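**Student:** Before we start, here is the structure in question, set down as structure tokens.
The values are calculated or read from the model by the stated rules, or taken from the named source; none is laboratory data. These figures come from a predicted structure and were not determined experimentally. As a convention, Cβ positions derive from the backbone with ideal geometry for all residues, glycine included, and neighbour counts pool all protein chains shown. In case anyone asks, the SASA skips ligands and DNA or RNA and just uses the protein heavy atoms, side chains included. Shrake-Rupley method; radii C 1.70, N 1.55, O 1.52, S 1.80 Å.
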Amino acid sequence: MKRIDPVSYSLWKKDKAAFAQAFGDSFVQTGFAIISDHTIPADIIAAAAEQTKAFFALPADVKRQYADPDNGFQRGYSPIGSENAKGEAISDFKEFWHTGRALPQGSAYRAVMKDTPQVTQLPEFNAASRALFEALDSFGVELLRAIALHLGMKEDYFDKAVNHGNSILRLLHYPPQTNPQLNGSVRAAAHEDINLITLLLGAEEAGLQAKHRNGDWIDINAPDGALVVNAGDMLQRLTAWHIPSTTHRVLNPSPHRAKFPRYSAPFFLHPNQDYVIEPIAEYAAKTGRGEPPITAGDYLTERLREIGLLKL
């Protein structure tokens, strides 16, 4: 079974072309990459982790005050049972919180992007989650610069395509499993991400797997302090499937680990809502898998309906 070898971010500072090749090659082969030696401050990660646990420990009725189902749970709290993988009738066994971009007052994107609610019971949670959003957003732009170089484009190609993007920090809690899950529910069924790239800080509990092109499931076990990055459907569509949006899942724990919760913090990096996802001609010619142009906003709406977060 194939491993995914880490790529050190320190290489980006020394040799951008070499980093872009190593990072891009990992993406092309598996849709995933592991970045070691990232520059996201440890204190920001630790504060967000502490406050995440504090939020999910709040009573259920308090957490539900921050749910917005009419907006597809795109900001604030999403209770267990809110989301299912595309094509799956059974909901995943997880709850989560979404922090979105803080837009300036005069931004035209306010028409389609809501503010993130502030949790009055936990003021420190608001600051900690915002700091982690900003840190991951900045680092994600750096990784997109490497992808642009890998694709043979100008390094800053994505900069203005994502500067007002509808990106989301998802703080995830998979509760302990004290009883067998009903109807075959799992922590997260096999799925692909919607966005351009996803940045994932390491989880305390195992379970994340990616599906290799040969059909094998690969355990994604990143070293301590490393960041897991995967391609989403929007990048796959942009590159005409040159970079695949790889299927991945989070398995239920083994019986001896079932009593432990699992926390993780994926950051879904999205383009601006009006960015047109149009296949790069060079790669469409190579793969023959070019799809019609579509705006990022329309594509997101389409996919949110497919996974049950937005109702028809």
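**Student:** Can you give the local net charge around Trp217? Use residues other than it whose beta-carbon is closer than 9 angstrom to its beta-carbon, Lys and Arg +1, Asp and Glu -1.
**Tutor:** 0
**Student:** In addition: Roughly speaking, to the nearest percent, how much of the chain's 1.4 Å accessible area is carbon and sulfur?
**Tutor:** Carbon-and-sulfur percentage of accessible area, whole number: 52.
**Student:** Just want to confirm a number: the relative contact order over the chain, from Cα pairs under 8 angstrom separated by 6+ residues, in percent.
**Tutor:** 22
**Student:** Something else: Hey, what's the chain come to in accessible area per residue, 1.4 Å probe, Å²?
**Tutor:** Per residue, the chain has 45 Å² of solvent-accessible surface.
**Student:** Please compare each pair in Lys16/Lys160; Lys16/Lys114; Lys13/Lys211; Lys154/Lys286; Lys114/Lys211; Lys13/Lys114 to a cut-off of 26 Å on the Cα-Cα distance and tell me which ones are over it.
**Tutor:** Violating the 26 Å Cα-Cα cut-off are Lys16/Lys114; Lys13/Lys211; Lys114/Lys211; Lys13/Lys114.
**Student:** D for segment 26-156, whole µm²/s, Stokes-Einstein with Kirkwood Rh over alpha-carbon pairs at 20 °C and 1.002 mPa s: what number?
**Tutor:** 124
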